[in-house]
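Novice: Below is the structure I would like to discuss, written out as structure tokens.
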């Protein structure tokens, strides 16, 4: 059991949750700002230097920078072995004081309240601080100058220009960026490249191709598509809603998050539910309803399941069970209709894992400079090599062979270009709705594929949440 | 002795009563209070009157959960007690009499240990093990035993049978304890009675129904209340074993799980407390009813 829980909280939810904390912050602030000290206390004397082309953030080259890193699934080696050396190569006299913690809020929050925060903080883990409250209390440094500064190691581009679409938006509050969301998860259909090559199965881009391929796979005695109904049906919710987002653009998903009446009965959702319901009817193994994610993923590793919808943590999660003849690869969900608003290459990807510079520390500019170092291509590549996670630095691991699945995910991201959307947040905002979506999608995929029933059921649940005054509401635009 | 009586009694009572008041009575009072609020579990508490109970009345999952709890409430005690009584009888009396002593069937000491064994396993472990027993594909133990040509039974993934699977595990886990409980009860029934009955030509069947059950009645009554309360719980099994925790489609949802999920997953502590209040009254009613209905003179027969 621990393994299941660890996986679930460790990777899946956490990354998304960290990202979501950003957006859900504003309305909740009233309650929680009390936890983080107010903005009245005078900032300590802060180190500054002269701005120059070589020193765009104007840091004091001799002032030390204190960083705190969350010690969790990603480890801490990327900070000690990659980022700090990169920073010190340029600023040899700036001493980095490093510490790691498993409980960020326990260690950092009292220091923020005491007016003595570290300069750069990795706010992550199950004990992360409410970042919205930190922003409201004026404790996070405005990162506008960081993103406008020239990139550390990409000539002629600003930091912002080196990042994937949506990366900055995810850390933006009331129009200003305060958080750098560093790691990047891409979602798609995962398969065994070697199996597909051997059978010369080509990756489908249209729904007709997809079902035709599923027929072939089925004829070969392999279950064409599967997911675990017992505890991981939200992977399927993501697949369905990604398809809906491709049909009708991300607006469809924003409406869902905003609990707009009719959001779930909108045509794109219905079409996506219809298409996936068909897949459930014809190509899924009905026993998967009772299986857990580890069991279905193991079956895929044994080539009993062809396609599995998941995020880019999958390869690393399955590393010890993946046999020699298995090579993870991922593709975008095929277009449902010919009139989809987004192209077949469009994907859902989300940034997570917050890093920020403390506004009232001794050396906020130094903290930002450290972030700039992290956002260099070189450091991003180092991070990816160590953690097997992509970063928001676009193309940082291009042309690198770290692992086949990661290369494939990176290719998918490159092909998607600007058609990458952040997805939805209702699952972290409204757990009850999340719960209903899991049951509803299981019903759709395993019990007859009735799209209308799925839409109506979700619409009803969504409106029940909207009308329930005991649930705190959030909005996004 | 009169002088020392009250300090003596108070001295004995003060610690347990203090503990009880702090951790049971106070907690219940707070639950009652919070059930009238829309508290999320964090931050401000706002009173909303009986809105939570109105909401509850219109909640399909609530009615489903009540239904499932009733299902367990009726079947769990009946089946468990029936099985436990038969086993206990066989272990203690079923072997006939020798030298003025009734004995169990051959090897009864070994059986007793085997029956009690499930009781030693933590419920979480039992749930994980039975998750594999009821595995919905050929890797599941039962499906693995079925002939290869059968299409697999879904068990927990089938809305019709999921609740029955939970019931089976609850019974499997509980029987051992009640075998021991009833054995102890039977041990206190005097051998003379059995011997006299046997001399009168009573069969084992008659012994069981005419002697054992009436003389064990108060023990059975206690067992019934315990099992009924267990039937109102069932949280651990449902939480660990079932599809989507309480699924598929709410087919295994029970009140205790609903309370947990509303309080800790859905951030609706107020609503969870309202459910707690309902559960409190249901359990209380059940205990009172059971004791009243089953009350009868133990020597009546």
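Novice: I'd like to compare A:219-226, B:245-252, A:324-331: which one has the highest average count of other Cβ atoms within 10 Å, and what's the full order after that?
Specialist: Sorting A:219-226, B:245-252, A:324-331 by mean packing, highest first, produces B:245-252, A:324-331, A:219-226.
Novice: Does segment A:327-467 classify as rounded, prolate or oblate by the C-alpha gyration tensor (a ≥ b ≥ c root eigenvalues; a/c under 1.5 gives rounded; else a/b over b/c gives prolate, otherwise oblate)?
Specialist: It comes out oblate by the Cα gyration axes.
Novice: Here's another thing I want to ask about it. Would you list B:106, B:217, A:264 from fewest to most Cβ contacts within 10 Å?
Specialist: B:106, B:217, A:264
Novice: Have a look at the DSSP beta bridges in chain A and tell me what percent are antiparallel, nearest 5.
Specialist: Of those bridges, close to 65 percent are antiparallel.
Novice: For chain A, what does -39500 (n - 2.57) per DSSP helix run (n ≥ 4), summed and divided by total residues, give at 222 nm, in deg cm²/dmol to the nearest 500?
Specialist: That comes out to -12500 deg cm²/dmol.
Novice: Using 0.36 nm times the number of residues separating residue B:32 and residue B:151, minus their current alpha carbon distance, what extension gain do you get?
Specialist: 37.9 nm
Novice: Could you work out the relative contact order of segment B:54-293, using alpha carbon pairs under 8 angstrom and six or more residues apart, expressed as a whole percent?
Specialist: So the answer I get is 26 percent.
Novice: Something else now. Can you put A:236, A:412 in order, fewest other beta carbons within 10 Å first?
Specialist: Listed from fewest to most nearby Cβ atoms, that is A:412, A:236.
Novice: Determine the distance separating the Cα centre of segment A:260-301 from the Cα centre of segment A:78-105; give it in Å without decimals.
Specialist: Each part's Cα centre sits 44 Å from the other's.
Novice: In µm²/s, what is D for chain B at 4 °C and 1.567 mPa s, where D = kT/(6 pi eta Rh) by Stokes-Einstein and Rh is the Kirkwood radius from Cα pairs?
Specialist: The Stokes-Einstein estimate is 58 µm²/s.
Novice: Let me ask something else. Evaluate E = 1/(1 + (r/R0)^6) for residue B:20 and residue A:281, where r is the Cβ-Cβ distance and R0 equals 60 Å; express this FRET efficiency to the nearest 0.05.
Specialist: Once rounded, the FRET efficiency stands at 0.60.
Novice: Nearest 10 degrees, 0 to 90: what angle lies between the long axis of helix A:267-283 and the longest principal axis of chain A (Cα atoms)?
Specialist: 60
Novice: Would any residue of segment A:63-79 have its amide N under 19 Å from a label point 7 Å out along Cα→Cβ of residue A:106? List them or say none.
Specialist: Only A:68-76 pass the distance filter.
Novice: On average, how many beta carbons from a partner chain sit within 10 Å of the beta carbon of a residue in B:67-75?
Specialist: 0
Novice: Enter the angle in degrees (range 0 to 90, nearest 10) between the Cα long axis of helix B:269-293 and the first principal axis of the Cα atoms of chain B, meaning the one along which they spread out most.
Specialist: With both axes taken from Cα atoms, the answer is about 30 degrees.
Novice: I'd like the orientation of helix A:104-113 relative to chain A: the angle between its Cα long axis and the longest Cα principal axis, in ° from 0 to 90, rounded to 10.
Specialist: Between the helix axis and the principal axis of chain A, the angle is about 40 degrees.
Novice: With 10 angstrom as the radius, rank A:390, B:291 by how many other C-beta atoms surround their C-beta, starting from the fewest.
Specialist: B:291, A:390
Novice: Here is a follow-up. Assuming R0 = 60 Å, what is the FRET efficiency of residue A:46 and residue B:293, from their Cβ-Cβ distance, to the nearest 0.05?
Specialist: Computed FRET efficiency for residue A:46 and residue B:293: 0.20.
Novice: Residues of B:156-166, mean number of Cβ from any other protein chain within 10 Å of their own Cβ, rounded to a whole number?
Specialist: 2
Novice: Let me ask you something else. Between segment B:53-81 and segment A:363-394, how many Å separate their Cα centres?
Specialist: 54
Novice: If you don't mind, there's one more thing I want to ask. Measure off 7 Å from each Cα along the Cα-to-Cβ vector at residue B:78 and residue B:142, then give the distance between these two points in nanometres to one decimal.
Specialist: 2.0
Novice: Using a simple spin-label model with points 7 Å from Cα along the Cα→Cβ vector, what separation in nm is obtained for residue B:205 and residue B:120?
Specialist: 3.7
Novice: For a test of the definition: using alpha carbon positions, the gyration tensor, and the 1.5 limit on a/c, classify segment A:420-477 as rounded, prolate or oblate.
Specialist: oblate
Novice: Apply the a/c threshold of 1.5 to the C-alpha gyration tensor of the protein assembly as shown and tell me whether it is rounded, prolate or oblate.
Specialist: Prolate, because a/c is 1.5 or more and a/b exceeds b/c.
Novice: Please give, to one decimal in nm, the separation of the simple spin-label points placed at residue A:398 and residue B:13, each 7 Å out from Cα toward the Cβ.
Specialist: 8.2
Every number in this text was worked out from the coordinates using simple rules, so none of it is lab data. Note that the structure is predicted; figures quoted are calculated from it, not measured. With ideal geometry, Cβ positions are generated from the backbone for all residues, glycine too; neighbour counts draw on all protein chains shown.
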